[in-house]
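The next block holds one structure in the form of structure tokens; read it before the comments.
The values are calculated or read from the model by the stated rules, or taken from the named source; none is laboratory data. As the structure is a prediction and not an experimental result, all values here were calculated from the model. All Cβ positions, glycine included, derive from the backbone under ideal geometry; neighbour counts span all protein chains shown.
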């Protein structure tokens with residue numbers, strides 16, 4: 001055999017060293033960059049969740065205030081049991097608002113996890129019911145949007161629907177609804 005066809009041991013080793021010599025540094029840089037990106041994403045998600053928590057607590061407080069006002073209006077007309085029930089409901093709703101206001105997202109998640117472990121059947125049933133409510137809400141929102149588009153089309157208005165606006169760029173019908 002010819003010596004030119006056999007790889008030389010020295011050349012092979014130098015190629016391996018060249019390929020693996022810088023690898024640990026690059027891997028460390030990639031790991032560091034990935035960790036940094038992950039930390040930044042977590043901070044953004046935590047910040048958004050905290051803002052939503054604050055917004056929810058404020059909304060719940062507003063509901064409690066509205067129910068309290070209803071109780072006052074009922075009481076001003078005549079002292080009655082419904083006014084007392086309204087006050088009690090407002091107090092309970094206000095407690096829920098305070099619960100959300102006084103806890104962090106981590107505390108809320110830990111509380112949900114504890115409840116799920118303590119009462120798994122109730123937790124699963126509740127999440128199932130919330131899923132049904134959310135699906136119904138999304139379905140009715142879509143149905144309402146479609147009705148709005150249909151009424152605009154029947155009144156002679158031209159509207160590009162978000163679902164069909166890009167159809168023209170893909171060779172579709174152009175996404176224009178309504179009559180011309």
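Tabulated values for the structure
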| read-out | value |
| --- | --- |
| Residue check for residue 41: in the same structural domain as residue 95 (by TED's automatic domain parsing) and in contact with a helix residue (DSSP H, G or I) (Cβ under 8 Å, 6 or more places away or on another chain) | no |
| Every residue from segment 81-90 that is surrounded by fewer than 13 Cβ atoms within 10 Å (Cβ to Cβ) and out of contact with any helix residue (DSSP H, G or I) (no Cβ under 6 Å at 6 or more places or on another chain) | 81, 88 |
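Conditions (1) modelled with pLDDT under 90; (2) farther than 24 Å from residue 107 by Cα; (3) assigned by TED's automatic domain parsing to the domain that holds residue 109, marked per residue:
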residue: 55; (1), (2), (3): no, no, yes
residue: 64; (1), (2), (3): no, no, yes
residue: 67; (1), (2), (3): no, yes, yes
residue: 77; (1), (2), (3): yes, yes, yes
